[in-house]
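Chemist: Following this message is one structure expressed as structure tokens.
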Amino acid sequence: MKRKQKAKTVMIFGVFDALHDGHRFFLSEAEKLGDRVVAVVASDENVVRLKGRAPVQSLTERMEKILEERRADLVVAGDDQIGAWTAVKIHRPDIIALGYDQDELRRALADFISREHLAAIIVKIKSFRDKTLHSSKLRDKKRTPK
């Protein structure tokens, strides 16, 4: 008799502001890594802290847009306190999939996983296209006064 394998949970983190093809690619690649995808969406306050600007869309709007894509099984709001990792503690992912540009987040999560003796592995998802073509980078350039 075969033992039933536990479903693999993949967790992703992001702002997901003005959802674009790069985000869709990220969601699609994360979906390939497991059986269940949990998307953690940064709070409005943390977007300001981390990126130095407010998101275009509210947290609720960003979460709804991800749900509309039907690639994440669960969408949750990120912590207001940076480094609390509540979603990781609750959902205990097997895999944490991060984007090509989330190196600082990768380091912080790796420290947390080690400290908490969790079994999650971190996987880096490649860039959808040339890094200079992402709409969030183009949007930020348009906001910068000359």
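Chemist: Can you name the number of the only condition in (1) surrounded by fewer than 17 Cβ atoms within 10 Å (Cβ to Cβ); (2) closer than 22 Å to ALA120 by Cβ; (3) over 14 Å from the mean Cα position of the chain (by Cα) that ASP94 fails?
Modeler: (1)
Chemist: Also, I was wondering about something else. If you take the residues of the stretch 30-68 that are of a type in the set (Asp, Glu) and farther than 18 Å from THR86 by Cα, which of them is surrounded by the fewest Cβ atoms within 10 Å (Cβ to Cβ)?
Modeler: Of the residues in the stretch 30-68, the ones of a type in the set (Asp, Glu) are 31, 35, 44-45, 61, 64, 68.
Now drop any that are not farther than 18 Å from THR86 by Cα, which leaves 31, 35, 61, 64, 68.
Working: GLU31: 19, ASP35: 13, GLU61: 14, GLU64: 13, GLU68: 9.
Restricting to residues being of a type in the set (Asp, Glu) and farther than 18 Å from THR86 by Cα, the top hit is GLU68.
Chemist: Could you pull out every one of the helices (runs of 4 or more DSSP H) wholly within the stretch 82-146 that has 1 or more residues that are modelled with pLDDT of 95 or more? Reasoning before the result, please.
Modeler: Values: elements: 86-91, 103-116, 135-143.
Those helices (runs of 4 or more DSSP H) span 86-91, 103-116.
The values are calculated or read from the model by the stated rules, or taken from the named source; none is laboratory data. Remember, predicted model here, so these are calculated numbers, not experimental data. In this analysis, Cβ positions are derived from the backbone assuming ideal geometry, glycine residues included, and neighbour counts consider all displayed protein chains.
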